[in-house]
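Shown next, in structure tokens, is the structure this report addresses.
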Amino acid sequence: MSLAIQRIDTSQPDSAAKLAALRQNLSPEGNVVSRAGKQKTIEVFGKPLTPQQAVEQICGEVKARGLDAVLEYTAKLDGAELTAATLRVSAKELQAAHSAAEPEFLATIRRIRENILRFQTAILHKDVTVDFPEGGTLRQRYVPLERVGICVPGGAAAYPSTVLMTAIPAQAAGVAQLAVVAPPTPFGSYNQDMLATCHELGITEVYRVGGAQAVAALAYGVSGLSKVDKIVGPGNLFVALAKKHVFGNVDIDSIAGPSEVIVIADETTRPDFTAADLIAQAEHAPGSSILITWSPSLLDQVADELAKQLPELERGDLARQSLENFGALVLVRDRDEAAELANQLATEHLHIACDDPEELLANIRHAGAIFVGPYSPVPLGDYAAGPSHVLPTGATARFASGLSSNDFLRPGSVIHFNQSGLESVADDIALLAKKEGLTGHAHSVALRKSSDH
């Protein structure tokens, strides 16, 4: 079966409009929902709310009514009848999942944990002290957050990797309390591999709740689930919108949309590698996969490889839908235009698979994570390398970064002057304070000049 994937030639006058549409296609604006989703909204709320409106109502009720609202929405949206006693996964269940896990799986988890911990510990911010010449010290210190909530998806697949890529950076930073929330599904908080992973990492708080109600419970706190300081981790549109809604009550990592990849390739790149890389991202369904090349022959070869490989894969049909709805094969003039377009799109994952990739990398400013060379495919970062796979999407890589251990540290300054140090800047403080009409500020400093107190 041929693949109806969009082709864009930047030499054509309509290319700019097509690229702009491509950028907007997967943006989490909150108004795109499936027919089944619309029907479910009517059933639950009695009217056709937008996802944004639904999230606002859910969060508002959880804030006002606490656990009762969480349990009610879990029953209505997930069909799971839970109680205050069954919302939290028990220590016995976590231990049982760990005991039943395959030894090979646990060994893999341990090896990946070491990879992630090695990288996340190495990049940690360190306290800095600067001496003030006239008498005093200025310090920048980093204190770990006390309590963090982690959202783990569980709709279409199980994601032990998300536990690894969120919890281990937090642990590297020194976060003492981690609360994992996952929907009450076979892929979520009933998934034995996910529970075994939590137990292996020493996570004792796991809750059977997902969606906006889980985010609200973490943000506001409910009976049996204490409020957190920060919420991290991926999720569907409702999770993303809920994180946006509660930001300010708590910190969040990002407002993430569907996953994305751009592969920059040329005639030296193996077309089967490139096709496989595009499919790997598309199988998230939805997922955006874009090839950028200045080689017309490679573009055709990759299209042929996509058509060849898709039928052979378990999620090939889902990947096909994503490639046809959100993918593109883009022909540019040269390497410079490829870099320019990649910066414009500011993708979540950028794989530079062309000849002399380091030279092209020097011209890239905006990407969530960059993968260089034929043996650095995106799944390497998704699962095992060390940097977190929680990355900015929807062109937010122009200003946002991937999750790291440093996101779980709160920086703060410490100022410790002696009298001579204060006196050396006292006149400057007084002048500025009086300019701003804050004479009390000036008085506070003047009082300490040449004082024996």
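Ordering of 329-340, 237-248, 408-419, 213-224 by packing is 213-224, 237-248, 329-340, 408-419, highest average first (other Cβ atoms within 10 Å, averaged per residue).
Given the choices (i) 208; (ii) 140; (iii) 123, volume of the Cα convex hull per residue in Å³ derived from the coordinates of this structure is entry (i).
Could you tell me which of 42, 391, 103 has its Cα farthest along the dipole of the chain towards the positive end, charges placed at Cβ (Lys, Arg +1; Asp, Glu -1), taken about the Cα centre? It is 42, whose Cα lies furthest towards the positive end.
With helices as the sole contributors, the chain gives -14000 deg cm²/dmol at 222 nm; each DSSP H run of n ≥ 4 counts as -39500 (n - 2.57), and the sum is divided by every residue.
Exposure proxy shown here: for 194, 165, the number of other Cβ atoms within 10 Å sets the order, fewest to most, as 194, 165. Both the radius of gyration and Dmax for the range 257-398 are 13.6, 37 Å, in that order, over alpha-carbon atoms. Only Lys, Arg, Asp and Glu carry charge here, each on its Cβ (+1 for the first two, -1 for the last two); on that basis the chain has a dipole of about 1660 debye about its Cα centre. Put in line by how crowded their Cβ is, counting other Cβ atoms within 10 Å and starting with the fewest, 82, 291 read 82, 291. Taking Lys and Arg as +1 and Asp and Glu as -1, the other residues whose beta-carbon sits under 10 Å from that of residue 261 total -3.
Peptides 431-440, 56-65 ranked from most to least packed, by the mean per-residue count of other Cβ atoms within 10 Å: 56-65, 431-440.
If R0 is 56 Å, the Cβ-Cβ spacing of residue 143 and residue 20 corresponds to a FRET efficiency of close to 0.85.
Each peptide in 312-325, 132-145, 254-267 gets a packing score, the mean of other Cβ atoms within 10 Å over its residues, and the list from highest to lowest is 254-267, 312-325, 132-145.
Have a look at the DSSP beta bridges in the chain and tell me what percent are antiparallel, nearest 5. Of those bridges, close to 30 percent are antiparallel. Across all Cα pairs in the range 218-340, the calculated P(r) in 5 Å bins from zero up to the longest distance comes to 2, 11, 17, 16, 13, 10, 9, 9, 6, 4, 2, 1, 0 percent per bin.
How large is ³J(HN,Hα), in whole Hz, for each residue of the range 287-300 in order, when computed from phi with the Karplus curve 6.51 cos²θ - 1.76 cosθ + 1.60 and θ = phi - 60°, using x for Gly and Pro? Running phi through 6.51 cos²θ - 1.76 cosθ + 1.60 with θ = phi - 60° gives x, 9, 10, 10, 9, 10, 8, 9, 10, x, 5, 5, 4, 5 Hz. A 32 angstrom limit on the alpha carbon distance is what I want to check against. Which of 244/435; 76/243; 126/227; 18/244; 92/126; 38/92 exceed it? Violating the 32 Å limit, Cα to Cα: 244/435; 92/126; 38/92. For the range 117-124, backbone phi angles converted through the Karplus equation (6.51, -1.76, 1.60; θ = phi - 60°) give residue-by-residue couplings of 5, 4, 6, 5, 6, 5, 8, 4 Hz, Gly and Pro being listed as x.
Here, each number is a calculation from the coordinates, and none is a lab measurement. Because the structure is a prediction, the values reported are computed rather than measured. When we count neighbours, we look across all protein chains shown, and the Cβ atoms used for this are built from the backbone with ideal geometry, even at glycine.
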